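The values are calculated or read from the model by the stated rules, or taken from the named source; none is laboratory data. Because the structure is a prediction, the values reported are computed rather than measured. Using ideal geometry, Cβ is built from the backbone for each residue, glycine included, and neighbour counts are taken over all protein chains shown.
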Ligand SMILES: [Zn+2]
């Protein structure tokens, strides 16, 4: 009986090692700090700038008219179409979209400096 228990434990151990080896061959194990988890998307990939935008437009508003730098949602990042010349921004469209909520707003210009925006 003693040898039968040892043999069963050996078989169980070999099967367990095989399962773990098969699991590690099939999947990657990623370990990350929980404090940094907000930078990781659900699919495990870092958020790319191309995908920076609202998940839906449920809270989006159209506040175009008065130039602004900050969206009513508090976000200061905007999606703006620009034209480059000699590696500098030469021109940009005044319509812009909040990167967080998708609200449309009017981009400020140098003429708007000094005005309350
Ligand atoms: Zn916003």
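Of everything in segment 59-68 that's assigned to a loop (DSSP other than H, G, I, E, B) and closer than 9 Å to residue 105 by Cβ, which residue is farthest from the ligand (Cβ to nearest atom)?
68
Could you grab me the full set of residues in segment 79-112 that are within 18 Å of residue 49 (Cβ to Cβ) and near the ligand (Cβ under 9 Å from one of its atoms)?
If the condition is that a residue be within 18 Å of residue 49 (Cβ to Cβ) and near the ligand (Cβ under 9 Å from one of its atoms), then 97, 98, 99, 100, 101, 102 are the ones that fit.
Would you mention how many residues in segment 89-101 are touching a strand residue (DSSP E or B) at 6+ places or on another chain (Cβ under 9 Å) and surrounded by 12 or more Cβ atoms within 10 Å (Cβ to Cβ)?
Number satisfying all stated conditions: 7.
Mind telling me which of the residues 76, 86 ends up being exposed (fewer than 15 other Cβ atoms within 10 Å of the Cβ), at positive phi and in the same structural domain as residue 65 (by TED's automatic domain parsing)?
Going through 76, 86 in turn, the sole match is 86.
Restricting the search to segment 48-88, which residues are farther than 13 Å from residue 98 by Cβ and in contact with a strand residue (DSSP E or B) (Cβ under 9 Å, 6 or more places away or on another chain)?
Of everything in segment 48-88, those that are farther than 13 Å from residue 98 by Cβ and in contact with a strand residue (DSSP E or B) (Cβ under 9 Å, 6 or more places away or on another chain) turn out to be 65, 66, 67, 81, 82, 83, 84, 85.
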